[in-house]
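Okay, structure first, notes after.
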Amino acid sequence: MTRRPRLITLASDIGSAYAAQMKAVLAHRLRPGHVIDLSHDLRPHAVGEAAFLLRAMAIGFPAGTVHVAVVDPGVGGRRAPIAIECADGSSLVGPDNGVLIPLAEALGRPRAYRIDPMKLRFPARVGRTFDGRDLFAPAAARLAEGTPARDLGPRIRPHHYEIPAPHRTRVGARGEVLHVDHFGNLVTNVPTGWIPRGRGRIAVRLGRSGFRPFPVAPSYEGLGRGRAGVLGSSFGLLEVAVGEGSAERRFRVGVGRAVEMRWRTPGRTGDGK
Amino acid sequence: MTRRPRLITLASDIGSAYAAQMKAVLAHRLRPGHVIDLSHDLRPHAVGEAAFLLRAMAIGFPAGTVHVAVVDPGVGGRRAPIAIECADGSSLVGPDNGVLIPLAEALGRPRAYRIDPMKLRFPARVGRTFDGRDLFAPAAARLAEGTPARDLGPRIRPHHYEIPAPHRTRVGARGEVLHVDHFGNLVTNVPTGWIPRGRGRIAVRLGRSGFRPFPVAPSYEGLGRGRAGVLGSSFGLLEVAVGEGSAERRFRVGVGRAVEMRWRTPGRTGDGK
Amino acid sequence: MTRRPRLITLASDIGSAYAAQMKAVLAHRLRPGHVIDLSHDLRPHAVGEAAFLLRAMAIGFPAGTVHVAVVDPGVGGRRAPIAIECADGSSLVGPDNGVLIPLAEALGRPRAYRIDPMKLRFPARVGRTFDGRDLFAPAAARLAEGTPARDLGPRIRPHHYEIPAPHRTRVGARGEVLHVDHFGNLVTNVPTGWIPRGRGRIAVRLGRSGFRPFPVAPSYEGLGRGRAGVLGSSFGLLEVAVGEGSAERRFRVGVGRAVEMRWRTPGRTGDGK
């Protein structure tokens, strides 16, 4: 308990006012400045998108950080509250609905524990609708103070969740939209590296639309204002974007929609590698 | 002045860009990490809802914290800028429009002082439209440094404000919507404990609609996706919710609208207690 | 490197989830609490409005602060990443698209340097779409640690940007809307001090509408709920506001639209000075 408290990050879909109640709990136990907001505006109830984003947001933090995720449509139901310890000493706290899993696997060697409320030594719960305040924040505070996750409850095997995988096709790739970002860019699960080098134009089908020819742009500026195209996003994945505009509004496509890309002419072979 | 600076929390309806100007003021006087954002997205000009939320957000912070609230449609007008000291050593700073009162009363033994700008030793005011930056932040900084509120101006009696009270009826309760949360849940002022234990279904009237039968769900998951019902919210109050959806959009009801609940059949007696 | 780390402020249009990735980078190098969010909800791609707001938000911070701005529609294109050192020891980091310039000039004696990625000793870049994470955050961390900006790359002359200037006319002023704030107030570039003292009513033309008579109100309260008028904003500039409402929605006017104000009767002279 005498060691330096670790950082705690908070990611949620609950909005700032509910998040404030988690910060109140943490303010009793952490030194000022040790709680970092990642986002409280994640898409409500969108567990899969949050799992993808949590990994992207949290992966770069120092080893030993405690990451709390509250995207939890099953709060108060059968899903367990869990804490996960990873290879680098980082800990993850949240619901056992998959939201923590991609980050846990990226951090390596996850060991999960079911949080037992009796072990938190904290005021009793007010309801069954806000575990972020009533369970996750107290649990995170204890982990940040140095308590090992195994002291919070029994070891369990968490529910699995996998970010949807893209597939190579004979002429390109088939995937889906993982995330619609703040600008309305449609971030797919197709790795940027899959497009053969130097390809300046590909055909893209969003959902059930027909294939459209899109330029492959090196940057938003290269795309040009108001023009749609494909770029390598900062996630290392291809995104559909509109220069200084919103691809989400232009194409009315959201998370989970199928995306098909063609960079080879059907019937042609041996193009690229 | 040598004692450890206290935490300052900021709650407002002014948005992040104006709040940033308050943080600039505070950065001169507080050590890094001592300023905590509660929310800057409170509903604009909604003093009553903010008073309710401020109490919920701030009540859990450590004794001695300085809470600043800027929901202030009367800025620059006749309402006074005030600082309130409470029993536990916490201080509240904001306009004398009622927004601080429910929190002050919950913290106990409030003593209020009118902030005299001449006592702040801070750059003169630029206008009459942003007391958050020009008065409240400087006042909060002084309180955080240990200055007693009585040094900021004369003692006054603040305007009263009471969160609207619910009423028991012969067959249930009558209240109103206090808060529409980030998810669109309609948080009422009717205590969760008022529903007789085990009641699985009640009748609810929102505004001037007819009574609708709603399940009483133990959790959002118990409600089921897209279904409307009543739950015990994390505020200890009943809320009308739609599973993974927005009750606000479904019922087009906002803050202040009347809510009537029936859990006993009219004409029947002796049911529950 | 042994001196106390300086504060870093972050202002952007990228939303909280992307900003979180910048905080991850900074968490490795700064002590807890030293990173302050100004706003991550600036209007997307609105460089001019951001330049105005950045100056307003950042100007009040202590000397020596490092201000990072990411409003960067040209990311990955020809515009350079730059760092600017100012007279008071403050540093600015962002794209060379003008967003930093008004703040730099207000802080005084700006010297700009093109950031050379090779000098950052940081993981290679993932793409060309997020310099905030890949270049600006690492550069800001080094500046905060005490590295002089000249060590980050060669001296350059940054692109100029000037906040549009208002003009006096024979009967009043002509300017434009610089900023639409969180409440929908239309902040113009016409200084509050230009209106002759005591003028209770002026004529205002927004865009191509006709002139409308507007009261000059001392405060929002003085305006009255739902009524439009002109006030001295907290920026020291005149704004068009609607009491407890949104002038943006009322008048459907946005950033860059022309504003003309008349406080003298055409043909009359010698009124005020």
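Couple of notes before you dig in:
- Residue ranges of strands (runs of 3 or more DSSP E) in the range B:10-129 with at least 3 members of a type in the set (A, V, I, L, M, F, W, C): B:35-39, B:66-70, B:81-85
For every residue, the table says whether it meets (1) in contact with a strand residue (DSSP E or B) (Cβ under 8 Å, 6 or more places away or on another chain); (2) surrounded by fewer than 18 Cβ atoms within 10 Å (Cβ to Cβ).
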residue: C:F183; (1), (2): yes, no
residue: C:T192; (1), (2): yes, no
residue: C:R197; (1), (2): no, yes
residue: C:E221; (1), (2): yes, no
residue: C:G224; (1), (2): yes, yes
residue: C:A258; (1), (2): yes, yes
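- So C:A87, is it away from every other protein chain (no Cβ under 14 Å) and of a type in the set (A, V, I, L, M, F, W, C): yes
- Matching residues in the range C:165-181 - criterion: being surrounded by fewer than 17 Cβ atoms within 10 Å (Cβ to Cβ) and not charged (D, E, K, R): C:A165, C:H167, C:T169
- Residue count for the range A:55-86, restricted to those that are touching a Leu at 6+ places or on another chain (Cβ under 8 Å), farther than 21 Å from C:Q21 by Cα and without any contact (Cβ under 8 Å) to a residue 60 or more places away in the chain: 1.
- Members of the range C:13-42 found to be more than 19 Å from B:S39 (Cβ to Cβ) and small (G, A, S), listed by number: C:A24, C:A27, C:G33
- Residue within the range A:72-91 that is of a type in the set (G, A, S), under 26 Å from B:P5 (Cβ atoms) and crowded, with 24+ Cβ neighbours inside 10 Å present: no
- In the range C:65-84, the qualifying residues are those that are of a type in the set (A, V, I, L, M), over 14 Å from the mean Cα position of the chain (by Cα) and away from chain A (no Cβ under 14 Å), and the one that is nearest to C:D131 (Cα to Cα) is C:I82.
- Index of the failed condition, B:E162 passing every other in (1) surrounded by fewer than 20 Cβ atoms within 10 Å (Cβ to Cβ); (2) part of a loop (DSSP other than H, G, I, E, B); (3) within 13 Å of another protein chain (Cβ to nearest Cβ): (3)
- Number of the condition not met by C:L30 [criteria: (1) touching a residue at least 60 places away in the same chain (Cβ under 8 Å); (2) more than 10 Å from every other protein chain (Cβ to nearest Cβ)]: (2)
- Checking B:A50, B:A46 one by one, the residue that is surrounded by fewer than 23 Cβ atoms within 10 Å (Cβ to Cβ), more than 8 Å from every other protein chain (Cβ to nearest Cβ), aliphatic (A, V, I, L, M) and in contact (Cβ under 8 Å) with a residue 12 or more places away in the chain is B:A46 and no other.
- Top-ranked residue in the range C:226-252 [being among the acidic types (D, E) and either loosely packed, with under 15 Cβ neighbours inside 10 Å or out of contact with any His (no Cβ under 8 Å at 6 or more places or on another chain) (or both); ranked as farthest from C:W263 (Cα to Cα)]: C:E248
- Looking across A:D116, A:D96, A:D88, A:D72, one residue alone is within 21 Å of B:D181 (Cβ to Cβ) and among the acidic types (D, E). It is A:D72.
- Output for the range C:11-68, where each listed residue is among the small types (G, A, S) and under 22 Å from C:S233 (Cβ atoms): C:A11, C:S39, C:A46, C:G48, C:A50, C:A51, C:A56, C:A58, C:G60
- Taking the range A:184-273 as the region of interest, the strands (runs of 3 or more DSSP E) fully inside it that hold 3 or more residues being away from every other protein chain (no Cβ under 11 Å) are A:186-191, A:201-206, A:212-215, A:228-232, A:258-262.
The numbers here are math on the coordinates, done by the rules we state, and not lab data. Since the model is a prediction, treat every value here as computed from it, not as a measurement. Cβ atoms come from the backbone with ideal geometry, glycine included; neighbour counts cover every protein chain shown.
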